[in-house]
Amino acid sequence: MRINILVVICNRPTIITSKEQMEQKDDIYYIEKVTAGQTNYFSYIVERYQDIVFSIALKVLKNREDAEEMAQESFIKAYKSLHTFKGTAKFSTWLYRITYNNCISEVRKRKIHYTSTDEVEVKDETTEINLDGIPEENRAKCIQEALRKLPEEEYTLVLLYYFEEQSIEEISKVTNLSESNTKVKLYRARKKLYTILNEMMKDELYTIL
Amino acid sequence: MNELEDIKLQAFLKKLELDSPKPDFTVRVMNKIFEESNALERIKSEKILGKGFWIFMILFVVLFAAIFILYNTGAQPDSQLPNLLPEVSQGIGEKYDSFFSKLAGAPLAIGGILAAFSVLLFLDRIIISNSKIFA
């Protein structure tokens, strides 16, 4: 499906394209255009990464308005420092790192102390789960709910590893963790996710009974 | 951990729809970027040293040149002021001479410090007035 939306931004016509169409071109293509002075092309990058950048911000800041503001700031920061992007790492890794660091420093600045869902007890023995056991109609909802219950750091790790298919090395760059630490934390996050899903399945069973 | 379940989890997660910002998010981001780049262009096009500085500089140079010319052409003897107030003008003249002789005797290091201080003040002014560029 191809959807082109022509919008006028600051009296400059900008084409906002559907995601499927954008993926045809590499990030580097748009970055080169932007650094060459064609600022309009940055809208493609914003369109491509806004959901994941917003999701990370929302998870850390726990508020939609703050998350939108932070996501906006992250894109502006990325635009301003685009000339420093050397292309040695993936652009997405670089952008997520800006977003994650922005959000973390905002949390520190505001001294927000959340009642973290860290209290989810990870049991070594009962982490195996048969995902097919979750009714198909509820599966997406259950996994989404379980993801929401993960603490922000673990949520980011799971999101980047599974959803964005980033490597351990790339994730460690985003989160400023060592590679071994990232591996351990990702393992724990996965276990925690399975534990939450297990609990949810038990609750659902009790409701039925 | 069961590798198959892990692959399944990945497949399920890939299907999930992430939270999205408001539909006009891209437009807002781009507007902000254009606003900022316009402001940056305006700052860049602004002259670092304003009109006031150049007027002051020209006046200073003209004054300095006038004093120099008058001093060298011996204009002072034609002035009527020393004849009218001989004691006052003599006193001022002596103090003037002694001030410059003292200044000439001051160590070179003090001159250097003053010059460096002036340069730093000047740089500070440039950085403050162009804080957006340096940020």
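Points worth noting:
- Residues (under 16 Å from A:Tyr30 (Cβ atoms) and touching a residue at least 24 places away in the same chain (Cβ under 8 Å)) located in segment A:79-92: A:Tyr79, A:Leu82, A:His83, A:Phe85, A:Gly87, A:Lys90, A:Phe91, A:Ser92
- There is at least one residue in segment A:168-179 that is more than 11 Å from every other protein chain (Cβ to nearest Cβ), surrounded by 13 or more Cβ atoms within 10 Å (Cβ to Cβ), modelled with pLDDT of 90 or more and out of contact with any Ser or Thr (no Cβ under 7 Å at 6 or more places or on another chain).
Residue by residue, here is whether (1) more than 9 Å from every other protein chain (Cβ to nearest Cβ); (2) in contact with a Lys or Arg (Cβ under 8 Å, 6 or more places away or on another chain) holds:
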site: B:Glu3; (1), (2): yes, no
site: B:Gln10; (1), (2): no, no
site: B:Glu17; (1), (2): no, no
site: B:Thr26; (1), (2): no, no
site: B:Asn31; (1), (2): no, no
site: B:Phe34; (1), (2): no, yes
site: B:Ala39; (1), (2): yes, yes
site: B:Ser45; (1), (2): yes, no
site: B:Gly50; (1), (2): yes, no
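- Residues that are closer than 14 Å to B:Leu16 by Cα and surrounded by fewer than 20 Cβ atoms within 10 Å (Cβ to Cβ), drawn from segment A:145-157: A:Glu145, A:Arg148
- Sole residue being among the acidic types (Asp, Glu) and farther than 30 Å from A:Leu82 by Cα, chosen from B:Glu46, B:Glu36, B:Glu5, B:Glu41: B:Glu5
- Considered as a group, the residues in segment A:76-93 that are away from chain B (no Cβ under 14 Å) and in a loop (DSSP other than H, G, I, E, B) include one that is most open to solvent (accessible area, probe 1.4 Å), and that residue is A:Lys86.
- Selection count, segment B:58-71, where residues are at pLDDT 80 or above and open to solvent by less than 100 Å² (accessible area, probe 1.4 Å): 2
The values are calculated or read from the model by the stated rules, or taken from the named source; none is laboratory data. Not measured: the values here are computed from a predicted model. All Cβ positions, even for glycine, are placed from backbone atoms using ideal geometry, and neighbour counts span all protein chains on display. What goes into the accessible areas is simple: the full protein's heavy atoms, side chains included, and nothing from ligands, DNA or RNA. Shrake-Rupley method; radii C 1.70, N 1.55, O 1.52, S 1.80 Å.
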